[in-house]
Amino acid sequence: MRRVVPAVVALLATGLLAPAGAETEQTAFAPADLLAWERQVFVGTTAYALDHVAGRPALRATCRDSASGLVRRQTVDLTKTPILEWSWRVEAVPAAGPSERTKAGDDYVARLYVIRDGGLLPWRTRAVNYVWAAGEPAGADWPNAYADQAHMVAVASGPPAAPGAWVTARRDVRADFRRFHDLAVDAIDAVALMTDCDDRGGTWRAWYGPVRFVPR
């Protein structure tokens, strides 16, 4: 996606995602909570709506040559709840196209990311993006093509083993910031999600289930 990471970095630098703790700390988000997150539009508008699919409530995301996300601005205390757990679902994954390590391929059918605010020093802002990749294998990681302050992690890749099945993922956010950014962080300042397809084009769809931060 052309603008996501640079735009998020700029928002943090200008204080639009600050001060930390602007929202009451919340560690569990149902799909209805996700829909209430702040909308950030970068290229066109990805449509987000509540749905009920495969036996679960969900947030449905549909992009059409577009890229816009939902952002929750708040401090999350990683000393208490360092594990990010979520569920997501796709019915299809776009065929592998340009490398996702390049600007032309920086689109993802589903992504969830966590942000550490750099304050008055925007170059110190860091983000970890957990993505459902089309070409990169699950477990791969790489610097974002547009901004090396963000690191991409392929949590899932390619078509799901069971089309339409829910997939649950867990990541140790503190460990990931240490591994990918060499940072010891006690908190993050924002969490966001997005389905984007503005670079490659077409119509992509994903469903997001509950997102929560839990103890180790």
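Since every read-out is calculated from the coordinates, none of them should be taken as a lab result. Please read these numbers as outputs of a predicted model, since none were measured by experiment. Cβ: placed from backbone, ideal geometry, glycine included. Neighbour counts: every protein chain shown.
Approximating the spin labels as points 7 Å out from Cα along Cα→Cβ, the ARG64-to-ALA169 distance works out to 2.6 nm. When ASP196, ASP172 are arranged by Cβ crowding within 10 Å, least crowded first, meaning fewest neighbours, the order is ASP172, ASP196.
Fully extending the segment from ALA28 to SER99, taken as 0.36 nm per residue of separation minus the present Cα-Cα distance, adds 22.2 nm. Amide hydrogen proximity for PHE42: with H placed 1.01 Å from N in the peptide plane, the residues at 5 or more positions away or on another chain lying under 5 Å are ALA67, SER68, GLY69. Averaging Cα coordinates gives a centre for the range 160-210 and one for the range 53-103; these two points are 5 Å apart.
Backbone phi angles across the range 46-53, fed through the Karplus curve with coefficients 6.51, -1.76 and 1.60 (θ = phi - 60°), yield HN-Hα couplings of 6, 8, 10, 8, 6, 8, 9, 9 Hz in residue order; Gly and Pro are listed as x.
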